[in-house]
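Trainee: Have a look at this one before I ask anything.
Derivation of every value follows stated rules applied to the coordinates shown; laboratory data play no part. Predicted model only: the values in this text are computed from it and were never measured. Every residue, glycine as well, gets a Cβ built from its backbone with ideal geometry; the counts of neighbours run over all protein chains shown.
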Number of protein chains: 2
Amino acid sequence: MTNISFTPIGMVHTPFKTRDDGAPIQPSRAKGAKGTVTIREDLVDGLADLDGFSHITLIFHFHLSQDYELKVIPYLDTVRRGVFATRAPRRPNQIGLSVVRLTKIEGNVLYIENVDILDGTPLLDIKPFVPGFVEPDEDVRKGWLEKALEKDGRGK
Amino acid sequence: MTNISFTPIGMVHTPFKTRDDGAPIQPSRAKGAKGTVTIREDLVDGLADLDGFSHITLIFHFHLSQDYELKVIPYLDTVRRGVFATRAPRRPNQIGLSVVRLTKIEGNVLYIENVDILDGTPLLDIKPFVPGFVEPDEDVRKGWLEKALEKDGRGK
């Protein structure tokens, strides 16, 4: 299959300089952490209407991950899991996904909260976040995460 | 900013051959539509533990979109909106995001339901879907979609 090439639309700026710098792995751990996103000047018109959304989905490049493993020990677990059943950065295509709170837009700068992204991360796309719009309104099974979230006090 | 290159991890197969072929635009419109995903043989080990999840997030390439517009008239609306406030395919990086139901895995084939993706779409990544894990447990404002979803009978 042929390669697909993307050019970053902007960059994410956060207090988290490296993985060892206290960067949370999951947004639920990132409550309150603030950051900004700077969007390329030529794309600013594409930000229209975004300020109506309290939350946005950021799709970004795990730029520090060079290779991948097919089995990883995920955050919240002690057992090796298939990488596609996790959000681990070392995946075949190093694509990350986070839902963050959008507090303000000024020109080409988005002010965001609840950020779990490393500083200097290249941003690939932004989509509005609307619960129940792209997500199922059905019962959901959470696989290995079910027990892990319970232990973590976040199970139901 | 430098280009980032990805190689598809597999391909999505659905009944929807072209945009004019009745392909739903939003997963909520795709209730019941069935498809499969074939994963590259060399990546099959990465599918371990995925079958514990009833829903998965597919990240894919809108391969039929060659260019982009910064303002688009989205599905469910009649007004031009900034492309980043929509899920329109003609975006600067043509990345699509769908949550689908996973019903079965056989070897390198995933059987999925509630699919809104065109046949032959290159798949870039799979992540487990867990509500409340990457999404906010706070009040959510839905921008221009708020009124559109109400009209569509899906508002709250």
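Trainee: Could you identify the residue of B sitting closest to the B-A rotation axis by Cβ and state that distance rounded to whole angstrom?
Mentor: Closest to the rotation axis on chain B: B:Ser5, 2.
Trainee: Still on this structure: When the helices in chain B are scored as -39500 (n - 2.57) per DSSP H run of 4 or longer and the sum is shared across all residues, what 222 nm value do you end up with, to the nearest 500 deg cm²/dmol?
Mentor: Helices in chain B give a 222 nm mean residue ellipticity of -1000 deg cm²/dmol.
Trainee: By the gyration tensor of its Cα atoms, with a ≥ b ≥ c the square roots of the eigenvalues, what is the shape of the stretch B:81-127: rounded for a/c under 1.5, prolate for a/b over b/c, or oblate?
Mentor: Because a/c hits 1.5 or more and a/b exceeds b/c, the stretch B:81-127 counts as prolate.
Trainee: While we're on this one: Would you work out the charge dipole size for the stretch A:35-153 about its Cα centre, treating the Cβ of every Lys and Arg as +1 and the Cβ of every Asp and Glu as -1, and quote it to the nearest 20 debye?
Mentor: My answer is approximately 660 debye.
Trainee: Sticking with this structure for a sec: Take the Cα gyration tensor of chain A, multiply each eigenvalue by 5, square-root it, and list the three semi-axes largest first, rounded to whole angstrom.
Mentor: After scaling each eigenvalue by five and taking roots: 26, 19, 16 Å.
Trainee: Now, a different point. Quick one: compute a quarter of the convex hull surface over the Cα atoms of the protein assembly as shown and quote it in nm².
Mentor: So the Cα hull casts an average projection of 14.9 nm².
Trainee: Relative to the other copies, what are the label-point distances for A:Lys31, with labels 7 Å from Cα along the C-beta vector, expressed in nm at one decimal and sorted shortest first?
Mentor: Distances between equivalent label points, in nm: 3.5.
Trainee: Oh, and also: In nm, what does the list of distances from A:Gly52 to its counterparts in the other copies look like, shortest first, when each label sits 7 Å along Cα to Cβ?
Mentor: 4.0
Trainee: Work out the charge dipole of the protein assembly as shown with +1 on the Cβ of Lys and Arg and -1 on the Cβ of Asp and Glu about the Cα centre, then indicate which of B:Gly46, A:Tyr111, A:Ile4 is farthest towards its positive end.
Mentor: After comparing all options, I get A:Tyr111.
Trainee: Something else: Where the only charges are on Cβ atoms (+1 Lys, Arg; -1 Asp, Glu), what is the dipole of the protein assembly as shown about its Cα centre, to the nearest 20 debye?
Mentor: 320 debye
Trainee: How much length is gained on full extension from A:Glu41 to A:Ile73, taking 0.36 nm per residue of separation minus their Cα-Cα distance?
Mentor: Length gained, A:Glu41 through A:Ile73: 7.6 nm.
Trainee: Placing the label point 7 Å from Cα along the Cα-to-Cβ direction, what are the distances from A:Thr103 to the equivalent spots in the other copies, shortest first, in nm to one decimal?
Mentor: Listed shortest first, these distances are 4.6 nm.
Trainee: Oh, and also: Using only the Cα atoms, work out Rg/Rh for the stretch B:53-136, with Rh taken as the Kirkwood radius, to two decimals.
Mentor: 1.01
Trainee: What pairs from B:Lys34/B:Lys147; A:Lys71/A:Lys147; A:Lys34/A:Lys127; B:Lys34/B:Lys127; A:Lys127/B:Lys104 go past 27 Å between their alpha carbons?
Mentor: Over 27 Å Cα-Cα: B:Lys34/B:Lys147; A:Lys127/B:Lys104.
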